[in-house]
Every structure is written in structure tokens, then in C-alpha cells.
Protein chains: 2
Amino acid sequence: MSDDRRTPTIHDVARAAGVSIGTVSKALNGTGSLSQATRDRVMTTIRALNFRPNLLAKSLHTGLSGSVGLISNDSFGRFTMPIMEGLERVLSEDGIGVFMANATDDPDRERAHLDQLLAKQIDGLVVTSRRADRRPSIEIQGLPIPVIYVFSQGGEDALTFLPDDEGGARLATEHLIAQGRRRIAHITGPDNFEAVRLREIGWRAALSAAGLQPQALLHGPWSEAWGREAMARLLQDPPDAIFCGNDQIARGVADTLREAGLRCPEDVALVGFDNWDVMVSACRPALTSVDMNLTALGAEAGRQLSAMIKGARITGTHRLPCTLIHREST
Amino acid sequence: MSDDRRTPTIHDVARAAGVSIGTVSKALNGTGSLSQATRDRVMTTIRALNFRPNLLAKSLHTGLSGSVGLISNDSFGRFTMPIMEGLERVLSEDGIGVFMANATDDPDRERAHLDQLLAKQIDGLVVTSRRADRRPSIEIQGLPIPVIYVFSQGGEDALTFLPDDEGGARLATEHLIAQGRRRIAHITGPDNFEAVRLREIGWRAALSAAGLQPQALLHGPWSEAWGREAMARLLQDPPDAIFCGNDQIARGVADTLREAGLRCPEDVALVGFDNWDVMVSACRPALTSVDMNLTALGAEAGRQLSAMIKGARITGTHRLPCTLIHREST
DNA sequence: GAGCGCTAGGAAAACGTTTTCCCAAGCCAA
DNA sequence: TTGGCTTGGGAAAACGTTTTCCTAGCGCTC
């Protein structure tokens, strides 16, 4: 009769424990005034029936669903993953679930996803994107829920979390200077990336703080092939150190160095950016690189989103520090 | 009065349109019997108020939440991403949201996640894991909802989707044979991976079907360093082709070949596994590789899960075909 | 002109919770 | 003994939908 295949509801518990559903609810949430005996009896029954309260019903009148959406424009790419990981870890501690949605820069898909998420009554939204450039951020304005931009540019009065590209570049360059290098080149990605421009600024800042002149600056695609080609161009008058815009470029540089008979780090020291495990460890020699701490970035975004859901009002663009990971290439 | 900041409910629409909430519901869902005039009037009001029905309330008595969970043990690693992408694309077409949960092989975290997901009334569950070996699959047995294992081993009467590792290996080996190669070695990963064992079987099967003897078989870690080392061991009597257990190993092999003065593909042809873009394109020469079609795998899992939610009962282990991507290394 | 069958749309129950309000019983003091 | 206060717990409304059932009115047919 009561042990059929239906998952038990609060009514089943109430009947089995001989109390009203209100009493079960109070026992469950530790609210109201109940005698310890009643509380215990109800809790025992709850465990016996393996009762699990239906969160949807609860949401219905708390107005909070306990879930948020994550819209990625990156097809869950390499950068989105660690962010997701940090975000999910933090939010799950607060019992908040994360819906993932992949929009891939298609406004229609984005709109459809947003509709579905809002219908599901998400309490907040996280927007991530590839880093190319400024994001138009369609109709995410004026949403009735808090929105956080991570690894992507939000609007003015939005809350945005980004890695401190400039600081990371400064870190890398200062490290090279501290190792006695004086002629430091920068081989990097396409300059329509804001990150590329910021890293260049950081490189220049560290150099000029040390009274050094910038050596070569080369822009190209984000690939190993470009790293190889760029280094080849520098071979006639090689610098004594190179700071690269990402790890793939750095690895290409390392390959050309080795094949040209130059030793790394003895002749030319090398620093990458991203600290992408598979690149830095396969590189010969193992690559010193700047870590953007994306997992921490995601975690911080999760904390702030959680706070905003609880009522906090936070805005502004926050840049979180990068870390230099020292390996054999310097 | 009615235009305050509260998001509009079906009651607001009913009042504005001068009908009852039941009528609004019928207009919204195209059910019941209503005159076209009433239907139109209600729909107009709905758009005017920008009303969006609360799916939670709906779920409450359809018993379906329109969301599923994805438990990954891979920290959203390289293999999980394309699966997620395919899964999410298919399910979102059915209006089903995907909660992501990262368990990282920690049973406590897995249990906590499962509790939260069940409390949120998910309609189904997808379990993904790193491919190491057989998954104990804690207490996912006997859940009241359909469960699908993707890229991980489910139990007997579960539904499991895996790539056809053996077929992929056969594809690669047959390709090498078709190019006239006769002495085909296999350098691969640790043999406690089921995938490693299956790929070896496929390699042997293709060889023996062509009347060829297996050349060297070497097991090691999944790294470029291992690829370099393994190839070095083969240098005294090099094979004329090598099928590698993944792209990283293949890339290491390619590096050693080049540095030893052997030409690829002229002297030694090379095939990888995974078709990982960043590896196959950075490899010199660009690497022929076996693609596991993980996005398609995820999509198929999504379709089947959707069907199971609608009542279908499907079990068994399904292996989806791999594809060979031909590039310069063969 | 009376009865019948349709049709359009309303009323209300149901889904599973939380929470507010209220009442009964018990206790103590006067 | 009576009155008041406290305490434990129940009843019911509320959250926003869907769906079942019912009724009022209309147009037919005989």
C-alpha cells in the first residue's frame, strides 16, 4: 500500500510517523517548536522511508531554484573547463546546481538557451567566452537575476572576472630579468585579442622598470608553427630570452632553438603562458609558464555569484593574479 | 499595481486577458477547446506581459523536471568536453537541461552530488569517467531514473556507450597495410586500460587478416616522452610503420624519427589515436589519426537518454565506430 | 416549443513543500 | 480552583502550474 514504487513524499512520512505534514517539515528543517521526542521519531521515519524532499516543490515558494546557468561560447573549450571546475565545486557546496549551455557565438542558440534557463528559474547566470574580443552580450541586460562574466568582457555595471594578463606578463619578464637576461623578445598571438595587448603592456612595463629596451615583438597565430617560424626569423641575431604569448608558441620556439643548435635555457631562456600541462611537460626543455589560475577564477566567480543570489550587489571588473611556474626552460 | 517588479504569473495573464487561469493554460499549451478569438487574445496578452511559464510549477505535477545530471570523474577533462558538447546539444533540443557534476573519483563527492541531483528531481543521469578501468559505480544501481554510461563501463543491465577501440585500431592498421607497409609496430599506453587491450586486438586482427606478423609491441605511459623513448628503442631495426595508442605518443615518435634522420612517412609511416587537434596539427608531419567521434557519442547518448525518459527501456553496451583522418604522416 | 447535443470556458483539485496562524493541553501562581 | 502563559503540534493557505470535471448557453431537430 504505502510501499509502492512511488518515491515517498512528506505525506507518507507524516502518515507513518503519525504526525501532520507541517510537523515533518519542521523536523526536517529544524524550525518551529517541537519536542525532542517528536523530532527524533520523525527523523527516524524519514530515514526508514528513505525520504528525500522534493526541491522543486520547495523552490516553488522560496522563489529560489538552487540552480544557475553557465553559458559558454567556447564549445566547452580548453579554457572553459577549469573555470567550470572551480565554479561547480564552490557552488555545489552551497547546494547550487550548474546548468551548462553551449552557445558557440550563435545568437539564436544563446537566446533559446537563455529562455530555457529562465523558464527553469535559474537564480543566476555565468557567461564565459573565448577571449577574442569584446562581447556584445545580447539581451543579457536587464535580466531579473545576477549575471557574472568570467573570462569574458561584461558591460559597465556588470561583474566581471578576468585573469591579470598584464601582471602575468610582468611576472614572466621580471623573472627573466632576474636571471640576468637583457635582450628579451616577445612572440605572441593576434593583436585583436585584448589579452595580447595587455601582455605586451606588461612586458614593456617590466623592461622599462629595469631600464631595458624591448627587443623584437612578433604577432602571429596561436600555434606552434608560428612559434617555429617566428624564432627562425630571430635566428640571425637571437635574443637571450623570449617571453611567449602562449605555451604553443613557446614550444614551437623551443623546437627551432634546438634544431638551430642553440641551447635552452643557456643561450636563450623561454617563458610561456597558460601553463597548459600537456604543453609545458612535453616541451623540451620543460617550459616555465604563467598560470592564469582559471580554476581559482571560476571558484571566485562562484563565491560572488552565491553572494549575489543571497542579495549582495557587486559590480566592477576584477583581475585575479597569475602565477609563474618555474621549470627547466629558464 | 500589476506592473510591479514581480515576474508575471499565469494569474496576471488571466486577469489582464479577462479569462481564468485554466483558459490561459489551455491557450498556452494548445489543449482544451477554446475559440480562436480567445486563444489569440490570451497569446497577445502573454506576449505583452512577457510572461514565461514557471517550469518548476509545471514539473511539480508532470513529475518531470526537464533536467538531467552529468557526473564526470574526469574534472571535465579533454575527453569529457566533446561528449558534453554532443549531449548538451541534443538534449537542449528537447528542452532538457544538463546539470554538470564533477566527482573526480571521490565517492563522498559523488554521493553528495547524487543526492543533490535527485533532490532536484533529475529525469536521468549520465556517468562519464576517465577510461582507466572498470568502474565500481557506487550506488547508482537501483535509481528510480534511467542511467547511461558514456565513455565508461556500466554494469550488466545498464546502457553503455563506448567508442569502438578495436575497430578503430583495425582501421588504422588496414590503412597502413593498404599503403604497402608490412612491418607494423604498435606503441601504446599502459595495459591496465581496457582501451589499450582492445586496440592491440584490433591491430593484431588486421595484421593476421593480411597474413602479416606483428612487429614490436611496447607499453608505456601516455606521453610524448614515452613515444620518443619507445621509438629510440626501435631505431636499430626500424619498422616501416607504427600505429600509436594515442596522439601524444605518436608525436614523440615523430620527433625521434626526424632527429634520427628517418623520413616520415617515406621511411616510417605513422598513425595516432584520438585525433586531438592540437597534437595532430602541431606534429611534424601532420598526423594521420583515429577519431573516436566523441561528440557523436555524446549526441547518441543524449538521444537514447531522451528516449528512456519518455519510457523506452534500452540496455546493452554499444560501441560506436571510429573514423580515420588521413594526413601527411601516411 | 421542448429537448438534446455541442462547445467554450470556468472552478477546483492536485502536485509537494513551507509557513503562518491557531488551538488544546499542561503548568504555575494566586 | 481559576486564570494566564507557555509549549507542542495541527489546519490551511500559499507557491504556479495542469487537468478534470462541470455548467451555461447555443443551435438543432422533431
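The values are calculated or read from the model by the stated rules, or taken from the named source; none is laboratory data. This one's a predicted model, so the numbers in the text were calculated from it and none came from an experiment. Neighbour counts are summed over all protein chains in view; Cβ atoms, including those assigned to glycine, are modelled from backbone coordinates with ideal geometry. Note: accessible area is taken over every heavy atom of the protein model, side chains too, but ligands, DNA and RNA are not part of it. Shrake-Rupley method; radii C 1.70, N 1.55, O 1.52, S 1.80 Å.
Okay, here's what the table says:
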item: Fraction of antiparallel bridges per DSSP, the protein assembly as shown only, in percent to nearest 5; result: 10 percent
item: Relative contact order of chain B, pairs being alpha-carbon contacts under 8 Å that are 6 or more residues apart, as %; result: 17 percent
item: Largest-first ellipsoid semi-axes for the range A:243-330, taking √(5λ) over the Cα gyration tensor eigenvalues, angstrom; result: 37, 10, 9
item: Within-10-Å neighbourhood charge of B:His186 [Cβ basis; K, R +1; D, E -1]; result: +1
item: Cβ-Cβ FRET estimate between B:Leu262 and B:Ala225, R0 fixed at 22 Å, reported to 0.05; result: 0.70
item: Where labels lie 7 Å past Cα in the beta-carbon direction, separation of B:Ile314 and B:Lys58 in nm; result: 2.4 nm
item: Cβ-derived FRET efficiency at R0 60 Å, B:Gln236 paired with A:Asp115, nearest 0.05; result: 0.40
item: Volume per residue of the C-alpha convex hull in chain B, rounded to whole Å³; result: 177 Å³
item: Check: the range A:44-125 dipole with +1 on Lys, Arg Cβ and -1 on Asp, Glu Cβ, in debye; result: 500 debye
item: In nm, spacing of pseudo-spin labels at A:Thr7 and A:Gln213 (7 Å Cα→C-beta vector); result: 7.1 nm
item: Long-range lysine pairs (8 or more apart or interchain), the protein assembly as shown, Cα under 24 Å; result: 18
item: Fraction of beta bridges assigned by DSSP in the range A:165-291 that are antiparallel (%, nearest 5); result: 0 percent
item: Per-residue mean of C-beta atoms belonging to partner chains within 10 Å, peptide A:71-82; result: 3
item: Nitroxide proxy distance, nm - points 7 Å out along Cα→Cβ at B:Ala205 and A:Ile201; result: 5.8 nm
item: Within a Gaussian network of chain B (alpha carbon springs, distance under 10 Å), most fluctuating of B:Ala48, B:Ala250, B:Ala296; result: B:Ala48
item: Peptides A:25-31, B:266-272, A:155-161 ordered by average Cβ neighbours within 10 Å, highest first; result: B:266-272, A:155-161, A:25-31
item: Shielding by other protein chains, A:51-60, mean Cβ within 10 Å; result: 5
item: Cβ-placed point charges (K, R +1; D, E -1), dipole of chain A about Cα centre in debye, nearest 20; result: 1020 debye
item: DSSP bridge orientation in chain A - percent antiparallel, rounded to nearest 5; result: 10 percent
item: Using a 7 Å Cα-to-Cβ projection, B:Ala312 label spacings across copies, nm, ascending; result: 4.5
item: Within the protein assembly as shown: Cβ-based charge dipole about Cα centre, in debye rounded to nearest 20 (Lys, Arg +1; Asp, Glu -1); result: 1600 debye
item: The range A:165-291, relative contact order [Cα under 8 Å, separation at least 6], %; result: 26 percent
item: The range B:10-53: radius of gyration and largest Cα-Cα distance (Dmax), Å; result: 8.9, 24
item: Options A:His11, A:Ala269, A:Val150, ranked by Cα towards positive dipole end of the protein assembly as shown, top entry (Cβ charges); result: A:His11
item: Two-decimal log10 I(q)/I(0) for the range B:34-92, as the Debye equation yields it once each C-alpha is a single scatterer, q = 0.29 Å⁻¹; result: -1.07
item: q = 0.13 Å⁻¹, the range A:165-291: log10 I(q)/I(0) [Debye, one scatterer per Cα]; result: -0.41
item: Principal axis dimensions, the protein assembly as shown - Cα atoms, whole angstrom, descending; result: 81, 68, 59
item: Net +/- balance of residues flanking A:Arg89 in space, Cβ distance below 12 Å, scoring K and R +1, D and E -1; result: -4
item: Relative packing of B:298-304, B:196-202, B:36-42, which averages over residues the other C-beta atoms within 10 Å, highest first; result: B:298-304, B:196-202, B:36-42
item: Around B:Gly302: net Lys/Arg minus Asp/Glu count, Cβ-Cβ under 14 Å; result: -3
item: Pseudo-label separations to other copies for A:Leu60 - Cα-to-Cβ vector, 7 Å, nm; result: 0.3
item: Within chain B, helix-based [θ] at 222 nm, where runs of 4 or more DSSP H residues each add -39,500 (n - 2.57), nearest 500; result: -13500 deg cm²/dmol
item: Threshold 30 Å² - residues in the range B:213-248 whose accessible area is reduced by that much or more when the chain is no longer isolated, probe 1.4 Å; result: B:Glu224, B:Arg228
item: With every protein chain in place, the protein assembly as shown: carbon and sulfur % of accessible area (1.4 Å); result: 51 percent
item: Stokes-Einstein translational diffusion, the range B:152-233 - Kirkwood Rh over all Cα pairs, 1.306 mPa s, 10 °C, in µm²/s; result: 115 µm²/s
item: Shielding by partners - mean other protein chain Cβ count within 10 Å, residues of B:107-114; result: 1
item: Shape call, the range A:55-119: gyration tensor on alpha carbons, a/c limit 1.5; result: oblate
